[in-house]
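Peer 1: Starting off with a structure, shown below.
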């Protein structure tokens, strides 16, 4: 594995195995794992018990940290972000962390500021405002404080 | 980060399974063998989503077992150096703290916690700023950056930092500014 040493997410170097992989936002993973759990529910009483710990921990994690909970909001986030010529990895980091300022976005995804991408501060700002709109209008009750953030930033 | 990825595995099947339900058997065996495992290269296999392709079987000399190359789609969790993610603190001690992001454990040493946070060995050990406004203890949600990974055959451990801009406790509004 020669790629191992050069691996660096900040420079979008993920190694050859992950070049073709599709990155998933926490909200998307949550939908996928939920569907999986439902399928298993039809086969047995207590499906979570039969799943490996990795599954259970991942499910808990994505539930806790996904900003968007209904499928429509998750789809909208990907749609809005994909208008901006982002790499998959960048898109998902932004979708997961929902930075509120341009500086924060660049600190989270340093590659946004790379050579001649035509992404100036204004474009990033616009992208974040669009994101915040979805965040505050997705009306699920999960993690009220995060909803609070979204409203405050409007 | 979670990924949707296509992986390949050589599956060995006993001849008694050869029949109309061969493919079904391959799938259930694949799920049993692979889900929940971890490799340094691909990370943790969280869930198998489907079979992409089953290649031609090859009879193994001497045993009668047949090896099928199976390509399958799955969701994996793979942490990367340089990645920023959110995690839940699981244990705090004077060396630093451990946090969990899904299946992966991340250690943040006290050298990588901002200097203005001091360790307090109370009932619930914690790191607190001198004015008490920010506190890290068990179950705190933090945003951290992975600065290193250590990989062995069945486990991935990460080293993280919260000593950088926009990292640290999440739920605290003052940390988000």
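The values are calculated or read from the model by the stated rules, or taken from the named source; none is laboratory data. Remember, it's a predicted structure, so these values are computed and weren't measured experimentally. Neighbour counts are summed over all protein chains in view; Cβ atoms, including those assigned to glycine, are modelled from backbone coordinates with ideal geometry.
Peer 1: Looking at A:117, A:67, which one is within 13 Å of the chain's Cα centre (by Cα) and outside any helix (DSSP H, G or I)?
Peer 2: After applying the criteria, what remains is A:67.
Peer 1: Next up: Looking only at strands (runs of 3 or more DSSP E) that fall completely inside the range B:60-177, which ones have 3 or more residues that are within 14 Å of another protein chain (Cβ to nearest Cβ) and surrounded by fewer than 17 Cβ atoms within 10 Å (Cβ to Cβ)?
Peer 2: B:141-152
Peer 1: Please tell me if residue A:76 is over 20 Å from residue B:86 (Cα atoms), more than 12 Å from chain B (Cβ to nearest Cβ) and modelled with pLDDT of 90 or more.
Peer 2: So residue A:76 fits the description; yes.
Peer 1: With respect to residue B:30, is the statement that it is in a helix (DSSP H, G or I) and closer than 25 Å to residue A:53 by Cα true?
Peer 2: Taking the combined requirement at face value, the residue satisfies it.
Peer 1: Related question: Report, by residue number, each residue of the range A:1-58 that is facing another protein chain (nearest Cβ under 7 Å), loosely packed, with under 12 Cβ neighbours inside 10 Å and either assigned to a helix (DSSP H, G or I) or without any contact (Cβ under 8 Å) to a residue 12 or more places away in the chain (or both).
Peer 2: A:53, the sole residue that qualifies.
Peer 1: Keeping to the range B:14-27, report how many residues are outside any helix (DSSP H, G or I) and either in the same structural domain as residue B:154 (by TED's automatic domain parsing) or in contact with a helix residue (DSSP H, G or I) (Cβ under 6 Å, 6 or more places away or on another chain) (or both).
Peer 2: Selection size over the range B:14-27: 0.
Peer 1: Output the residue which, of all residues in the range A:89-104 that are assigned to a helix (DSSP H, G or I) and more than 9 Å from chain B (Cβ to nearest Cβ), is nearest to the chain's Cα centre (by Cα).
Peer 2: The selected residue is A:95.
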